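Q: Pasting a structure below so you can have a look.
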Amino acid sequence: MTNLPSRSPIPAVAGKTITSATVYGEVPDTSYTRRVSRVVELLQGKWTVQILCAMRARPVRLSELKRAIPSASKKALTASLRSLEAARVILRRDLSSSVLHVEYELADAKREALVALLDHLAEWGKLDDSEESSTTLPPT
């Protein structure tokens, strides 16, 4: 995540050893921080947020995702879907009778929290949009 210097001691000041944690005011790694970091890492995939938004309301097929995200290759979408499935964020349902028919949907256990997270991120984006539109540049 962040590239902070290692915690090697900094030269002593008035007889006290100072670590980078003292200098940078690092927050101790709590379970809260670890959980938030895990979610942020999960969302960092190039197509992850777009995929999750696409399946926010209903299950989707790979072909629907490809149409919704045309700049993503089928290979990249498949890799992202497999990663989300491995993290148990989405479920893959094989509905094949004779023709291959696979749908992906948000996992029930995480659906409510994930949809709320996406909604909060969208609201935050709206705030950012309004701040940008109200910002004026100083005269040159």
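Nothing in this text is a laboratory measurement; each read-out follows from the coordinates by a stated rule. Because the structure is predicted, anything quoted here is derived from the model rather than measured. Cβ sites come from the backbone with ideal geometry, for glycine too, and all protein chains shown count toward neighbours.
Q: Are any residues in segment 33-71 more than 20 Å from K110 (Cβ to Cβ) and outside any helix (DSSP H, G or I), and if so, which ones?
A: Result: K46, R61, I69, P70, S71.
Q: Further question on the same structure: Report, by residue number, each residue of segment 72-103 that is assigned to a loop (DSSP other than H, G, I, E, B), under 19 Å from the mean Cα position of the chain (by Cα) and of a type in the set (G, A, S). Walk me through how you get there before you give the answer.
A: Narrowing segment 72-103 to residues assigned to a loop (DSSP other than H, G, I, E, B): 72-73, 87-89, 95-101.
With the extra rule that they be under 19 Å from the mean Cα position of the chain (by Cα), the set shrinks to 72, 87-89.
Scanning segment 72-103 gives A72, A87.
Q: Hey, can you tell me all the residues within segment 50-61 that are over 20 Å from the mean Cα position of the chain (by Cα) and of a type in the set (A, V, I, L, M)?
A: none
Q: A further question on this structure: Restricting to segment 81-104, name every residue that is surrounded by 14 or more Cβ atoms within 10 Å (Cβ to Cβ) and among the polar types (S, T, N, Q).
A: S83
Q: Kindly indicate the residue of segment 53-80 that is closer than 15 Å to H101 by Cα and among the aliphatic types (A, V, I, L, M) and also surrounded by the most Cβ atoms within 10 Å (Cβ to Cβ) among those meeting that condition.
A: The residue in question is L65.
Q: Take the residues in segment 29-86 that are among the hydroxyl-bearing types (S, T, Y) and touching a residue at least 24 places away in the same chain (Cβ under 8 Å); name whichever of them is farthest from E123 (Cα to Cα).
A: Result: S83.
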